[in-house]
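Q: Please find one structure pasted underneath; my questions will follow.
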Amino acid sequence: MLQILPIALRSLLVSLLWSENSNIEPAPLRFQLRHEHGVSNDSHIIFADMPPSFAPESYDIPTTSIITSRPESLDEFSNARIRSMRHMQSEPLKWKDVDVQGPNVEKRETLLQLAKMTYNSYTVPKDKDWYDLGSDWNTSYPFGWEPDADGFRGHVFVSEDNSTVIVSVKGTSAPWLAGGGGPTVKKDKLNDNLLFSCCCARLGPTWSPVCDCYSGGYRCDQTCVEGSLIEDSLFYPIGTNLYNNVTYMYPNADIWMIGHSLGGALASLIGVTFGAPVVAFEAPGERLAAKRLHLPSPPSTQHITHVYHTGDPIPLGACTGVTSACAIGGYALETGCHLGKTIRYDTVSKRNWSVSVSSHPIKFVIEKILNEDWDPDNGLEVPVAEAEKDCVDCYSWEYGEFKNLTRRRFPIRIGI
């Protein structure tokens, strides 16, 4: 009946109906662990379904409507990226705005539950450290947990009605960080040092860089450093492959990406590629990596939310210098500029915390920050999410074609 009304009257009715229902908060989604996911030593994606006998508790997560920007065609996205890589030319790309149910990041309970899911990406369901998520998210799919798997891993959580899928990506495993040791340490460090260093993890004359792009002084060969990020064995193309597998398994679902540290940065890079809602915890700045990967820029990246606190030097790009804890551990985490918006807990000013990598683990965030509302006197459960302003990475470095090499041809296969 609405369709036969005059356009003006129809628009009025729609606006009235929308305003009447816009204040109704949607019911939280209930999620379960269904799959484990990982990558074998030969870079093949491996899925493992959770056994029927496994019944972990589930997670209730408040949601809200989110507008994301997605390319009209992934082929067009890939072509634009290839043109930028090969010829340093921009290609017009059409984007479409899509209304999806995403996480309500103004709610502390949302961040707390997603942080627990993120923590669980470092472990397996039967481990004593596994966070109980409640009855709503009681099925997941793990990935990357084969005994010899040494790379990209985590879990896939699915809501009870199959309407929403959350891909939780494991971050860096290192003895002094959240994930401890394990078989992924070597590849985690390689991805960290390629994605978040100014030039191949060149911190000084005693350091062995992870790619041959350093050109003396504070100069770095731009083509070289970009080419070093697009190998199929690195985590970004593996993550885009995983995303495509998940969309094949759940073609009608909204997909969210979450992660901590390296996992959060990878979640953001995948989220900006596919227009998926993202919540990343304590992640190093990934904005420079997105440029070096030649990811076309959507009209908005407000579907990406970074959560970190000022007592952690890693997301600030402040864990630098040859005497820093990061450098002593062999990590060059030099970037601090993020895509999207940031929920920034100023724990240094408000709680007088010192700055230390000991506050970087996601379990610390869960137990010391997300255990209570941030500013209850002003009605704020969490700090207001805002875009980072006037942020510049690697300002002391100069980038150009310093090696006088023939400009390399990038491979057509770019993992999308």
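The values are calculated or read from the model by the stated rules, or taken from the named source; none is laboratory data. If you're wondering where the values come from, they're calculated on a predicted model, not measured in any experiment. Glycine gets a Cβ as well: all are built from the backbone with ideal geometry, and neighbour counts include every protein chain shown.
Q: Considering only residues of region 270-284 that are touching a strand residue (DSSP E or B) at 6+ places or on another chain (Cβ under 9 Å) and under 15 Å from Asp192 (Cβ atoms), which is surrounded by the fewest Cβ atoms within 10 Å (Cβ to Cβ)? Walk me through it before giving the result.
A: We begin by selecting, within region 270-284, every residue touching a strand residue (DSSP E or B) at 6+ places or on another chain (Cβ under 9 Å); these are 270-283.
From the residues that got through so far, the ones that are under 15 Å from Asp192 (Cβ atoms) too are 280, 282-283.
Values: Ala280: 34, Glu282: 29, Ala283: 26.
The qualifying residue surrounded by the fewest Cβ atoms within 10 Å (Cβ to Cβ) is Ala283.
Q: Okay, next question. Could you please find all residues in region 224-242 being part of a helix (DSSP H, G or I) and either farther than 19 Å from Cys198 by Cβ or among the hydroxyl-bearing types (Ser, Thr, Tyr) (or both)?
A: Let us first name the residues in region 224-242 that are part of a helix (DSSP H, G or I), namely 224-227, 235-242.
If the condition is that a residue be part of a helix (DSSP H, G or I) and either farther than 19 Å from Cys198 by Cβ or among the hydroxyl-bearing types (Ser, Thr, Tyr) (or both), then Phe235, Tyr236, Pro237, Ile238, Gly239, Thr240, Asn241, Leu242 are the ones that fit.
Q: Right, something else. For region 283-381, which fully contained helices (runs of 4 or more DSSP H) count at least 2 residues that are out of contact with any helix residue (DSSP H, G or I) (no Cβ under 7 Å at 6 or more places or on another chain), among the β-branched types (Val, Ile, Thr) and more than 30 Å from Ser69 (Cβ to Cβ)? Even if it seems obvious, please write down each step before you answer.
A: Values: elements: 287-292, 325-328, 347-351, 362-368.
Filter on region 283-381 gives 347-351.
Q: Right, something else. Just give me the residues in region 355-378 being surrounded by fewer than 18 Cβ atoms within 10 Å (Cβ to Cβ) and touching a Lys or Arg at 6+ places or on another chain (Cβ under 7 Å), in sequence order. I'd like the intermediate steps shown before the answer.
A: The initial filter retains those residues of region 355-378 that are surrounded by fewer than 18 Cβ atoms within 10 Å (Cβ to Cβ), namely 355-356, 358, 363-364, 367-368, 371-373, 375-378.
Correct list: Asp373 only.
Q: Now for a separate question. Could you check how many residues of region 266-282 are outside any helix (DSSP H, G or I), within 8 Å of the chain's Cα centre (by Cα) and among the small types (Gly, Ala, Ser)?
A: 1
Q: Find all pairs meeting these conditions: Cβ atoms under 6 angstrom apart; at least six residues apart or on different chains; first residue within region 351-367 and closer than 17 Å to Ala280 by Cα; second residue at pLDDT 95 or above and in a loop (DSSP other than H, G, I, E, B).
A: Pairs that qualify, where the first residue is closer than 17 Å to Ala280 by Cα and the partner is at pLDDT 95 or above and in a loop (DSSP other than H, G, I, E, B), are Ser359/Gly311; Ser359/Asp312; His360/Glu282; His360/Asp312; His360/Ile314.
Q: Oh, and also: Six or more apart or on different chains, Cβ under 8 Å: which pairs go from a residue in region 76-104 that's touching a residue at least 40 places away in the same chain (Cβ under 8 Å) and over 26 Å from Glu401 (Cβ atoms) to one that's of a type in the set (Phe, Trp, Tyr) and in a strand (DSSP E or B)? Could you list them?
A: Listed pairs, sorted by first residue: Gly102/Trp256; Pro103/Trp256.
Q: Can you tell me which residue among Gly263, Gly259 is in a helix (DSSP H, G or I), buried (at least 24 other Cβ atoms within 10 Å of the Cβ) and not aliphatic (A, V, I, L, M)?
A: Of the residues listed, the single one that is in a helix (DSSP H, G or I), buried (at least 24 other Cβ atoms within 10 Å of the Cβ) and not aliphatic (A, V, I, L, M) is Gly263.
Q: Right, next: For residues that are more than 25 Å from the chain's Cα centre (by Cα) and in contact (Cβ under 8 Å) with a residue 24 or more places away in the chain, scanning just region 179-205, find the one that is surrounded by the most Cβ atoms within 10 Å (Cβ to Cβ).
A: Here is the first cut: in region 179-205, the ones more than 25 Å from the chain's Cα centre (by Cα) are 203-205.
This time we only want the ones that are in contact (Cβ under 8 Å) with a residue 24 or more places away in the chain, so: 203-204.
Values: Leu203: 22, Gly204: 8.
Selected residue: Leu203.
Q: Is it the case that Trp374 is modelled with pLDDT of 95 or more and over 22 Å from Tyr119 (Cα atoms)? Working first, answer last.
A: Details: modelled with pLDDT of 95 or more: yes; over 22 Å from Tyr119 (Cα atoms): no.
Judged against the criteria, Trp374 is not a match.
Q: Checking Thr247 against (1) surrounded by 20 or more Cβ atoms within 10 Å (Cβ to Cβ); (2) in a helix (DSSP H, G or I), which single condition isn't satisfied?
A: In the conditions (1) surrounded by 20 or more Cβ atoms within 10 Å (Cβ to Cβ); (2) in a helix (DSSP H, G or I), Thr247 misses (1) alone.
Q: Next question. Thr247 - would you say it is within 13 Å of the chain's Cα centre (by Cα) and either closer than 20 Å to Ser69 by Cβ or without any contact (Cβ under 8 Å) to a residue 60 or more places away in the chain (or both)? First the steps, then the outcome.
A: Details: within 13 Å of the chain's Cα centre (by Cα): no; either closer than 20 Å to Ser69 by Cβ or without any contact (Cβ under 8 Å) to a residue 60 or more places away in the chain (or both): yes.
Answer is no for this residue.
Okay, residues lined up against (1) touching a Cys at 6+ places or on another chain (Cβ under 6 Å); (2) closer than 18 Å to Ile258 by Cβ:
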{"site": "Ser358", "(1), (2)": "no, no"}
{"site": "Val365", "(1), (2)": "no, yes"}
{"site": "Leu380", "(1), (2)": "no, no"}
{"site": "Lys389", "(1), (2)": "no, no"}
{"site": "Asp393", "(1), (2)": "yes, no"}
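Q: Turning to a different aspect of this structure: Can you confirm whether Ile230 is on the phi < 0 side of the Ramachandran plot and surrounded by 20 or more Cβ atoms within 10 Å (Cβ to Cβ)?
A: Details: on the phi < 0 side of the Ramachandran plot: yes; surrounded by 20 or more Cβ atoms within 10 Å (Cβ to Cβ): no.
Criteria not met by Ile230.
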